[in-house]
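Note sheet for the following structure.
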Amino acid sequence: MEGVGLAFLALIVLVVIGFSLYRQRQRAANVDLEDKSWLRAPTPEAESTVRTTPVRDFHVHGNEARVSFDVPLPDVEDQVLNELLVDEAVEVVREKRHTLPISDVTEIVVFAGRDDIREIGRTTLPSPGQLPPPMEREVFNLTHIARDPFASQFEVDHTVSYDTAIRVPSDELGPLRDELKLPLGLDRGLRARGVDPDVVSGPEFVLGLLELFGYKVAAQREPDVYMATKANINTFIRTENYRPGDHPELSEQTVRKFVAEFATSGADRGMLISDKYGPFVTHDIEDKDRRIRFITRERSQAFIDSMALG
């Protein structure tokens, strides 16, 4: 009888173990069928905002948080630009507050400039260490505009809207900036990004505008070649600067090379930017392929005007 009792007990243990394993498998099956969240990769933390205004220095001195921007200031004092930089400095302090303690800070002092670095403004905090509410978007960013002025360039019939220079000057060309009228808002935006519109070349000028309107511009391996990306649309860009002694008009060889490069780039659109004049062949190319645009010297002012209207 004792042997029968032990056998019966062993049978009960096996039944319990089997039922337990069955329940475990059932729970696993239910998880697999009803909730697969355990299979998903962890959601990455949101990336911190990357400030577009270049910061030269940030430190806390007594009750002051001092922020210095590496931006070119205009010759004439621009109070609006100064106030925008003060707003930007508040956001810099907000991002840096975990690096340096600001519990005793009562004032943010802002400096800017290139050769002549000077104080351009300051703001008092509501209370020591307390920052005002964060801004909804970056101060110097036009990404939020409804209409993308760069994309509109590929919708315009340049063969009608523009005229290629009939007579190309035989002497050297002066700085393109001397021929352009830049709206004050765009001037401020470029300066805040560290671009000095008074001294940069035409291509650098346009690339700065691209970034101002929310494009991510990445230099490629080959010199003077970039890829600009926004809203999952890639724009292949080749630039060609005018240098003293150069012929003032783009060569057809350069134009053909750009077209071939774009064709193999895999990009959605292609743009050649130059502060030289454009040859007549550019009209034919744009007429045949609406994905290609040339922003040359004679088109630069109209291009800038479209930025202001965008």
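The values are calculated or read from the model by the stated rules, or taken from the named source; none is laboratory data. Note that this is a predicted model, so its numbers are computed, not measured. All Cβ positions, even for glycine, are placed from backbone atoms using ideal geometry, and neighbour counts span all protein chains on display. Surface areas here come from the heavy atoms of the whole protein model, side chains and all, with no ligands, DNA or RNA. Shrake-Rupley method; radii C 1.70, N 1.55, O 1.52, S 1.80 Å.
Against the condition assigned to a strand (DSSP E or B) and open to solvent by less than 70 Å² (accessible area, probe 1.4 Å), how does V109 come out, does it pass?
Working: assigned to a strand (DSSP E or B): yes; open to solvent by less than 70 Å² (accessible area, probe 1.4 Å): yes.
So V109 fits the description; yes.
Is it the case that some residue within the stretch 303-310 is in contact with a Ser or Thr (Cβ under 7 Å, 6 or more places away or on another chain), assigned to a helix (DSSP H, G or I) and at pLDDT below 90?
yes
Quick check, is G245 surrounded by 21 or more Cβ atoms within 10 Å (Cβ to Cβ), among the small types (G, A, S) and not in a helix (DSSP H, G or I)? If you could, list the steps in order and put the result at the bottom.
Values: surrounded by 21 or more Cβ atoms within 10 Å (Cβ to Cβ): no; among the small types (G, A, S): yes; not in a helix (DSSP H, G or I): yes.
Spelling it out, it is not the case that G245 is surrounded by 21 or more Cβ atoms within 10 Å (Cβ to Cβ), among the small types (G, A, S) and not in a helix (DSSP H, G or I).
Quick grid of which residues meet (1) more than 23 Å from K181 (Cα to Cα); (2) acidic (D, E):
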site	(1), (2)
P203	no, no
D224	yes, yes
T239	no, no
P244	no, no
A263	yes, no
I273	no, no
V281	yes, no
R290	yes, no
S306	no, no
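Within the stretch 213-239, how many residues turn out to be touching a Phe, Trp or Tyr at 6+ places or on another chain (Cβ under 9 Å), open to solvent by 30 Å² or more (accessible area, probe 1.4 Å) and under 19 Å from P54 (Cα atoms)?
3
Which of the residues that make up the stretch 159-198 are open to solvent by 40 Å² or more (accessible area, probe 1.4 Å), modelled with pLDDT of 85 or more and of a type in the set (A, V, I, L, M, F, W, C)?
Of everything in the stretch 159-198, just one residue is open to solvent by 40 Å² or more (accessible area, probe 1.4 Å), modelled with pLDDT of 85 or more and of a type in the set (A, V, I, L, M, F, W, C), namely L184.
If you scan the stretch 112-122, which residues turn out to be β-branched (V, I, T) and open to solvent by 40 Å² or more (accessible area, probe 1.4 Å)?
I117
Does E77 qualify as being closer than 30 Å to N232 by Cβ and modelled with pLDDT of 85 or more?
Numbers: closer than 30 Å to N232 by Cβ: no; modelled with pLDDT of 85 or more: yes.
It is false that E77 is closer than 30 Å to N232 by Cβ and modelled with pLDDT of 85 or more.
What is the number of the single condition among (1) surrounded by fewer than 21 Cβ atoms within 10 Å (Cβ to Cβ); (2) in contact (Cβ under 8 Å) with a residue 12 or more places away in the chain that T264 does not meet?
(2)
Suppose the filter is under 21 Å from E286 (Cα atoms), under 24 Å from the mean Cα position of the chain (by Cα) and either loosely packed, with under 13 Cβ neighbours inside 10 Å or hydrophobic (A, V, I, L, M, F, W, C) (or both); does L210 pass it? Step through it out loud before you land on a result.
On the way: under 21 Å from E286 (Cα atoms): yes; under 24 Å from the mean Cα position of the chain (by Cα): yes; either loosely packed, with under 13 Cβ neighbours inside 10 Å or hydrophobic (A, V, I, L, M, F, W, C) (or both): yes.
Against the criterion (under 21 Å from E286 (Cα atoms), under 24 Å from the mean Cα position of the chain (by Cα) and either loosely packed, with under 13 Cβ neighbours inside 10 Å or hydrophobic (A, V, I, L, M, F, W, C) (or both)), L210 qualifies.
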